[in-house]
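First up is the structure itself, then whatever we jot down about it.
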Amino acid sequence: MKRIFLLFTFLLGFAQMRADEGMWLLMLIKRLNGVDMQKEGLHLTPEEIYSVNNSSMKDAIVSFGGFCTGEIVSDKGLIFTNHHCGYGAVAAASTPEKDYLKNGFWAKNEKEEFNSKDLYVRFLVRMDDATQRINSKLSNDMSAANRRAVIEAETKAIQTENSENGKYTVVVRDFFNGNEFYFFVYQDYKDIRLVGAPPSSIGKFGGDTDNWEWPRHTGDFTVFRVYADAAGNPAEFKPTNVPLKPKHFLPVSLKGIKPGDFSMILGYPGRTNRYLTSYGIEQMVSKDYPAWVETSKMAMDIMKKYMDKDKATQLGYASQYASVANYWKNRQGTIDAVEKNGTITDKRELEKKFQDWALQPGNEMYEDVLKRIQNYYSQVSDRNVERNYASLLTRNAKYLALANQLAPALDAYAKQDLAGRLAMKAKLETAVKEAYDNINTNLEGEMLNSLVNLYQTRVKADVASPTITALDSKNLSTLAFSSLFANKTSVTNYIMNPDRLKLDADPLLKIARGIIADQKASNEKYILLDDSFAKNNRLFLAGLMKAMPEKKFYPDANSTMRLTYGTIDTLPIRDDRNYFGVTDNYYTTMEGLVGKYKAGDEEFDLPQRVIALQNAKDYGQYADKAGYLPVNFLSNNDITGGNSGSPVIDGDGNLIGIAFDGNSEALSGDIVFENDWQKTISVDIRFVLWTIDKYAGARRIVDELKLVRDENTPADTGKSKIKTAAPVKKKK
């Protein structure tokens, strides 16, 4: 009965919600017959979006590397995703002599397409509901340890039943804070190759200054291809592999967009916490996120100092720097948005309604839930701060990661006899080479020193790691340089003369192991509190759904495929921004892109060819019917991290853009959907194709696509007449 009630309130909430809010499981669209989406302008059936037995739109959407989303856009496995999603792969393919990050890369044929090592894409085969199966074996009276054991046992059974002896990857996820469970059957492809990437001056135009801001003028896309064996099955990289023939791919629309047009996004949003209490939000913005902001800024400054001095370092750390910078601005923006938008006050009003309901007869089990959650945060506040500083220390200080990564293999190698070492040596040397490629030892020494000093300054003694507390941060870099993990040469020397005693006594490894041991001890100390908190969170959301059946309830994002739908939408014009002639504020143009140009500027430089093409207004078939070339646009879709690279799809199932960002006015969006402010920023697919075709001359990529036109689509004028860039007067 409880399960039926939860589902009823879930579906009722869906029917009453605003069309642009929520990240929906595809299986539930079929149950709802897609009525609400059809009212908004969808012309597809639920079966055309999600089907198990027939090809459907879900078959064109991939989890890209486990951290972004991509879409299949041709019958030869071509993938579009964001430039910042492909950034690491482009950096890895680059050298100081061939800097594809700076200059871009365009394979002239399939033979020139770069294998992107360790990159994979994941297709969703099907999903199913495991709620009744798992919940029937659980109760609120059982211990947290018993609950975990039941869930783990059922998860393993579900995986065994559905993996077909390893053919598929099966993932079980909980939803609504552990009140419901679904499982997902995936197929992973590991031969992914880089096909094309614009230069960073296009793909990252605006840099940190424009990140999370509107208006944007960023060509945030890269092009990859998925390869398979001759039978279409997943395979490790081999020259004989062939482009995958997908079950479905997205046609590409050149029709254009306008406010009110239906827009739908499918992708893999990473994590939201929309049902976080006011106490959790207070902890986040007053304690946790300030730790992120401070540590990230310090790490960025250290990386930038060395990146500016050396090209190899710039390439080697480009992806890490971009990731840290993104989190830095996001966390600070979230703090600002929560304060500006009154998020905590709104949460408290919601909690008051819940508490009034909980005090009514029959609801006694929920009466003290909020009080227990509040007490939890008061007890773990300092511990949570410590976890943030420790996590960011180990994440950004690569020396600690290198020690943890290589030590097990070095130890196993030292245990072998001569024959065993000979068998392991080549593989181990390759692993060492890859681990130390692009490592700047001076940078890493300073990073370790500085972040340890910051930790020791900010973390309270009663929750601090004894290992980190005992370190001498003034001389830590000197200690690191004495380690066998200091550089590739010292590790290689160890391989030539292995000594397990030396390994165990290594100062860096002792620090790395000590931090892990301290984290384990801390987890054990707080395990009862954390388990109690999980239970109270579960009860709070179950009770909230009962208390407010009229409210919109949908599952938080958890890296499973979701659909969000809404419309092309506008933001108010702001006095402090330059819109370069745009008055209907839902799109930006090439005029604005070139208007931001600053010669030689790290964030706002542009290739001269882009400026020459704009001066000639050489837009070809990619121009809007009004005559401009669109660059980015806004919609009111509900996305978060992990949705980067997701397709924006029109009511007929055609690709109109690639989502890449949100806006600063709604950076609190992971904890509350800001109805009036929350937008998705996407690169218009017409600008993507213009860049590929007109700028790069990679027409073979466009020729693979299925282009959708109408009577207003400009004619295809063929190749650009501009061969070289015209001289451009530099702005001061």
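Read the figures in this text as sums done on the coordinates, not as results from a lab. This structure is a prediction, so every number in the text was calculated from the model and none was measured. With ideal geometry, Cβ positions are generated from the backbone for all residues, glycine too; neighbour counts draw on all protein chains shown.
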Under the Karplus curve 6.51 cos²θ - 1.76 cosθ + 1.60, θ = phi - 60°, whole-Hz ³J(HN,Hα) for segment 256-265, x wherever Gly or Pro sits: x, 9, 8, x, x, 5, 4, 9, 9, 10
Selection of GluC sites (Glu not before Pro), segment 61-167, meeting DSSP coil and at most 16 other Cβ within 10 Å: Glu97, Glu164
Listed residues Thr394, Ala435, Met298: farthest to the positive end of the dipole of segment 278-533 (Cβ charges): Ala435
Sequence of Trp677, Trp690 once ranked by neighbouring C-beta atoms within 10 Å, starting from the fewest: Trp677, Trp690
Loop sites in segment 531-602: GluC sites (Glu not before Pro), DSSP, at most 12 other Cβ within 10 Å: Glu550
Selection from Leu370, Gly280, Leu541, by position along the positive dipole direction of the chain (Cβ): Gly280
Distance histogram for segment 278-533 (every C-alpha pair counted, 10 angstrom bins, percent rounded to whole numbers): 6, 24, 27, 21, 12, 7, 3, 0
Long-range HN-HN contacts of Gly657 with modeled amide H, under 5 Å: Val648, Ile685
Charge dipole of the chain about the Cα centre (unit charges at C-beta), most positive-ward option of Tyr327, Val223, Gly420: Gly420
Karplus 3J(HN,Hα) series, Hz, for segment 197-207 with 6.51 cos²θ - 1.76 cosθ + 1.60 (x for Gly, Pro): 8, x, x, 4, 5, 9, x, 10, 4, x, x
Nonlocal amide H pairs with Asn663, under 5 Å, H built at 1.01 Å: Lys679
Whichever lysines have a C-alpha closer than 25 Å to that of Lys245, once near sequence neighbours (fewer than 8 apart) are set aside: Lys58, Lys76, Lys108, Lys111, Lys117, Lys167, Lys190, Lys706
Calculated P(r) tail over 36 Å for the chain, as whole % of Cα pairs: 47 percent
Point-charge dipole on Cβ atoms (K/R +1, D/E -1) for the chain, about Cα centre, debye to 20: 1260 debye
Tyr87, Tyr622 arranged by Cβ crowding within 10 Å, fewest neighbours leading: Tyr87, Tyr622
Neighbour-count order for Val683, Val285, fewest beta carbons within 10 angstrom listed first: Val285, Val683
Order by protection proxy (mean Cβ within 10 Å, highest first), peptides 341-348, 704-711, 503-510: 503-510, 341-348, 704-711
Contour excess over end-to-end distance, with Cα ends at Arg271 and Lys551 and 0.36 nm allotted per residue: 98.7 nm
Under the Karplus curve 6.51 cos²θ - 1.76 cosθ + 1.60, θ = phi - 60°, whole-Hz ³J(HN,Hα) for segment 365-380, x wherever Gly or Pro sits: 5, 9, 4, 9, 4, 5, 5, 5, 5, 4, 4, 4, 5, 5, 8, 10
Amide proton proximity set for Met23, modelled H, under 5 Å, gap of 5+: none
Debye intensity ratio I(q)/I(0), log10, segment 604-711, q values 0.21 Å⁻¹ (C-alpha model): -1.17
Förster-model FRET efficiency, 30 Å R0, Lys371 and Lys340, C-beta, rounded to 0.05: 0.55
